[in-house]
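Each remark here refers to the structure printed beneath this line.
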Amino acid sequence: MPSTHHTKVLIIGAGPAGYTAAIYAARANLQPLMVQGMQPGGQLMITTDVENYPGFADPIQGPWLMEQMQKQAEHVGTKMVFDLITDVDFSQRPFVCKGDSGDTYTADSVVIATGAQARWLGISSEEIYRGFGVSACATCDGFFFRGKEVAVIGGGNSAVEEALYLTNHASKVTVIHRRDSFRAERIMQDRLFRNPKIEVVWDSVVEEIVGEGDGSLGNPRGVTGVRVKNVKSGEDRVIPVAGVFVAIGHVPATAVFQGKVETDSEGYIVTAPDSTATNVPGVFAAGDVKDKVYRQAVTAAGMGCMAALEAERWLAHHAGEPSPAGNW
């Protein structure tokens, strides 16, 4: 039978932002409830070695880090629910959220931490080598390709930024773009064209990511190249690379919140300056669901901390007020 659950702080989403918000809210004795969604742990669940999360001298595994965050949140008092929020009503308090399970969640405050997902190419070989040479984050994984040749797929600001960053590590960066010009800002293009480590392959799409190894003991999986096709000439060739960085954008997981909180033209939730507060009092957003600049686990965790502290302060001043959604 469907049930109704009430909490002072409902956390929607289970990545670094959500888990950190849960830890802080639980330590404030707010007894938070977290609805984990379809992919608890978020993008770090498909990340292998993590070397840039503070506190660990040796590389750690993304899934392990998320497992530790979940255990810590549970240890301090967070209740975890494996469900998916399919509808929200922020026009009244307590807020009402519906789960795919049929359960209803009511809350005095809400932290949205549903994250974002990288847009992928959608080819089968990409799935095979994801985490084994295929990445969507140069800042996260570029370090592993020191002195090697890599490819960047895309033509917007993200692709150009990734390519320029990768020149700090890779011996050569090949940017593969399906058109004959970039969409990136002109100043960024100028920097790219001036960099001797970068080569651009125009009018081309990736047909296949080529690799070796089956992932078994003694036969590690890895990328050896990309097969590209020129959309104008039809020419097909393989470009030897050790890594492939897909930079064709991200999609914030905000579909269920459209029209319920303010979002920008790309679907990211808008928050007040230097804050996680949305335009609905008592509703906060943290992590990649509102951040299209940094997209790092550590910045998401920081915003999760901010959201919990802001929710705690907001509850202390406003809990119990019969007020509809409003503005900052």
Using a 7 Å offset from the Cα along the Cα-to-Cβ direction at both Arg237 and Asp180, what is the distance between the two label points in nm, to one decimal? 1.8 nm
With label points built 7 Å along Cα→Cβ from the Cα atoms of Arg27 and Val298, find their separation and express it in nm. 1.8 nm
What lysines could a cross-link reach from Lys71, if we take a straight Cα to Cα line under 27 Å and drop same-chain neighbours fewer than 8 places away? Lys8, Lys79, Lys98, Lys290
When DSSP beta bridges are limited to those with both residues in the chain, what percentage is antiparallel, rounded to the nearest 5? 45 percent
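Considering only protein heavy atoms, with the full assembly of protein chains and a 1.4 angstrom probe, order His317, His177, His5 by accessible area, largest first. Provide the component values of the computation, followed by the final result.
On the way: His317 135, His177 5, His5 40 Å².
I get His317, His5, His177, largest accessible area first.
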Using +1 on the beta carbon of Lys and Arg, -1 on that of Asp and Glu, and nothing else charged, what's the dipole of region 1-130 about the Cα centre, debye to 20? 380 debye
Using alpha carbons only, how many angstrom separate the centre of region 59-94 from the centre of region 11-28? 6 Å
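Could the peptides 230-237, 271-278, 181-188, 26-33 be put in order, highest first, of the mean number of other beta-carbon atoms found within 10 Å of their residues? It would help to have the intermediate numbers written out before the result.
On the way: 230-237: 11.4, 271-278: 17.2, 181-188: 14.0, 26-33: 19.2.
Peptide ranking by packing, descending: 26-33, 271-278, 181-188, 230-237.
Give the calculated FRET efficiency between Ile123 and Phe82 to the nearest 0.05, with a Förster radius of 22 Å applied to their Cβ-Cβ distance. List each step's numbers first, then the result.
Numbers: r = 31 Å, r/R0 = 1.39.
With a Förster radius of 22 Å, E is 0.10.
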Between region 243-261 and region 104-139, how many Å separate their Cα centres? 8 Å
Leaving ligands, DNA and RNA out of it, report the carbon-plus-sulfur percent of the accessible area of the chain at a 1.4 Å probe. 50 percent
Separation in nanometres of the label points that stand 7 Å from Cα toward Cβ, at Val270 and Gln258: 1.7 nm
May I ask you to give the solvent-accessible area per residue for region 31-117, in square angstrom, as obtained with a 1.4 angstrom probe? 47 Å²
Using the heavy atoms of the protein chains alone and a 1.4 angstrom probe, what is the accessible area of region 203-253 per residue in square angstrom? 50 Å²
For Lys148, list the aspartates and glutamates whose Cα falls under 20 Å from its own Cα; do not include residues on the same chain fewer than 8 positions away. Asp49, Glu51, Glu126, Glu161, Glu162, Glu199, Glu208, Glu212
Can you give the FRET efficiency for Met1 and Glu207, using 1/(1 + (r/R0)^6), R0 = 56 Å, r = Cβ-Cβ distance, to the nearest 0.05? 0.65
When the charge dipole of region 174-328 is computed with +1 at the Cβ of Lys and Arg and -1 at the Cβ of Asp and Glu, the Cα pointing farthest to the positive end, of His317, His250, Val228, is that of Val228
Find the cysteines in the chain that fail to meet the 4.7 Å Cβ criterion with every other cysteine, and list them. Cys97, Cys305
Starting from 0.36 nm per residue, how many nanometres of slack lie between Ser91 and Arg146 once their C-alpha separation is accounted for? 14.6 nm
The answer for Ile11, listing residues at least 5 apart or on another chain whose modeled amide H is closer than 5 Å to its amide H, is Leu33, Met34, Val35, Val111
Taking the chain, the equivalent ellipsoid from its C-alpha gyration tensor has semi-axes in Å, biggest first, of 40, 21, 17
Give me the base-10 log of I(q)/I(0) for region 232-294 at each q in 0.30 Å⁻¹, Debye formula, one uniform scatterer per Cα, rounded to two decimals. -1.38
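Using the Cα centre as the reference, give the magnitude of the dipole from point charges on the C-beta atoms of region 189-272 (Lys, Arg: +1; Asp, Glu: -1; all else neutral), rounded to the nearest 20 debye.
Working: 9 positive and 12 negative charges, 36 e Å.
So the magnitude is around 180 debye.
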When the helix-only estimate is applied to the chain (DSSP H runs of n ≥ 4, each -39,500 (n - 2.57), divided by the residue count), what is the mean residue ellipticity at 222 nm, nearest 500 deg cm²/dmol? -7000 deg cm²/dmol
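The values are calculated or read from the model by the stated rules, or taken from the named source; none is laboratory data. Keep in mind that this is a model prediction, so the values were computed, not measured. All Cβ positions, glycine included, derive from the backbone under ideal geometry; neighbour counts span all protein chains shown. Accessible surface areas use protein heavy atoms only, side chains included; no ligands, DNA or RNA. Shrake-Rupley method; radii C 1.70, N 1.55, O 1.52, S 1.80 Å.
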